[in-house]
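Derivation of every value follows stated rules applied to the coordinates shown; laboratory data play no part. Just so we're clear, the structure is a prediction, and the values are computed from it rather than from any experiment. Positions of Cβ are generated from backbone atoms using ideal geometry, with glycine treated the same way; all protein chains shown enter the neighbour counts.
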Amino acid sequence: MGLVTRFARQWVAGETMADAIRVAKEANARGLDALVNHLGEHYREKAPVESTRREYLSLLATMQSEGVRGEVSIKPTQFGVLIDRAYALSEMIPILEATKALGRVLWLDMESAHTTDDTIWIGERLLDQYDRVGICLQANLKRTADDLDRLLEAHARVRLVKGAYQETPDIAYRTRSEIDRAYLAHLETLFTKGQDFAVASHDGRMIERALALAKVHPTPFEFAMLQGVRDPLKIELVRSGHRVAEYIPYGPNWLPYFTRRLRERPRNVITMIRSFVSG
Ligand SMILES: Cc1cc2nc3c(=O)[nH]c(=O)nc-3n(C[C@H](O)[C@H](O)[C@H](O)COP(=O)(O)OP(=O)(O)OC[C@H]3O[C@@H](n4cnc5c(N)ncnc54)[C@H](O)[C@@H]3O)c2cc1C
């Protein structure tokens with residue numbers, strides 16, 4: 001487990017809030033905004049939800065007192081959406097209020113397709129109370145074109161990703177070319193109709209297209225990438241005048257996140273095994 005933990009460290013700041021703040025400050029020093037997530041998901045009991053709420057309130061206060069530039073991004077299932085969506089919303093309201101008091105943006109991660117409707121429902125209610133709310137949408141889901149139109153109409157910020165969850169073919173595109181095609185189409189929509197959105201991808205083709213669209217449609221947006229992935233590209237984009245956010249997860253419950261990162265790129269598994277062999 002020690003070796004796995006060491007390998008996971010490239011994508012996870014560490015287990016404590018202090019680790020997250022340290023990595024967020026390093027990101028800021030490199031010109032990146034921090035997008036901090038406390039790891040944990042699929043809670044079906046109220047106790048871990050309530051401790052997650054306390055953790056984020058403390059995280060926001062610490063980001064403020066430590067002068068960290070950036071936002072927090074929360075997962076609906078860590079706020080109890082699997083218990084009840086109205087309950088999850090009520091647990092998020094204190095986070096929204098703290099975010100609003102600090103003038104920051106509150107981002108919602110998007111999890112598996114079982115939670116898409118509830119996440120959008122929650123996002124819209126949060127938007128009723130504060131306009132700086134962002135919601136992640138996944139290009140692998142066939143419904144996303146409609147969700148995108150709906151969220152743009154509600155003036156939500158949108159973070160466009162390819163999608164990290166395995167879904168069934170009736171609701172999701174499964175091949176890389178289909179997902180990429182959908183991602184490129186949604187980029188077009190974002191640049192023509194949206195603003196303050198996030199192009200969250202490490203894929204050179206998606207980034208090139210976003211750069212080309214940005215020339216034709218000058219609208220405020222940012223790139224967003226994960227901690228530990230394509231670091232030189234992040235800096236290159238910052239140097240060419242773009243805003244780039246780095247998603248920084250932390251906490252003891254890092255295994256599901258780590259597994260998603262391994263799964264999306266088989267080469268990472270080989271690199272991990274090599275690093276074990278070489279010690
Ligand atoms: C800021 C941010 C927030 C996200 N939030 C969510 C969310 O809320 N919900 C959700 O479902 N998904 C989320 N994701 C994950 C996303 O859905 C994808 O699973 C992930 O970003 C990989 O897709 P890609 O666009 O980078 O393209 P891919 O086609 O997977 O990768 C393109 C290239 O990027 C590089 N690369 C990609 N991943 C890695 C890696 N792990 N290690 C090293 N190199 C890599 C490789 O060069 C690869 O060839 C988020 C991603 C980012 C960047």
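Computed values, structure above
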{"read-out": "Phi-based couplings in Hz for segment 166-177 (Karplus 6.51, -1.76, 1.60; Gly and Pro marked x)", "value": "7, 10, 7, x, 5, 10, 9, 6, 10, 8, 4, 5"}
{"read-out": "Alpha-carbon spread of segment 130-279, three principal axes, descending order, Å", "value": "51, 42, 32"}
{"read-out": "Computed over the chain: relative contact order in percent, which uses C-alpha pairs under 8 Å that are six or more apart", "value": "23 percent"}
{"read-out": "Estimated vicinal HN-Hα couplings, Hz - segment 264-270 in sequence order (Karplus 6.51, -1.76, 1.60; Gly, Pro = x)", "value": "6, 8, x, 4, 5, 5, 4"}
{"read-out": "Semi-axis lengths (Å, descending) of the ellipsoid that matches the C-alpha gyration tensor of the chain", "value": "25, 24, 20"}
{"read-out": "Karplus 3J(HN,Hα) series, Hz, for segment 97-105 with 6.51 cos²θ - 1.76 cosθ + 1.60 (x for Gly, Pro)", "value": "5, 5, 4, 5, 4, 8, x, 9, 9"}
{"read-out": "Sequence ranges 159-165, 34-40, 62-68, 144-150, ranked by mean other-Cβ count within 10 angstrom, highest first", "value": "34-40, 159-165, 144-150, 62-68"}
{"read-out": "Kirkwood estimate for segment 135-186, i.e. one over the average of 1/r between Cα atoms, Å", "value": "11.0 Å"}
{"read-out": "Alpha-carbon centroids, segment 55-118 and segment 248-267: separation in whole Å", "value": "20 Å"}
{"read-out": "Within segment 237-278, backbone nitrogen closer than 20 Å to the virtual label 7 Å beyond the Cα of T16 toward Cβ", "value": "248-255"}
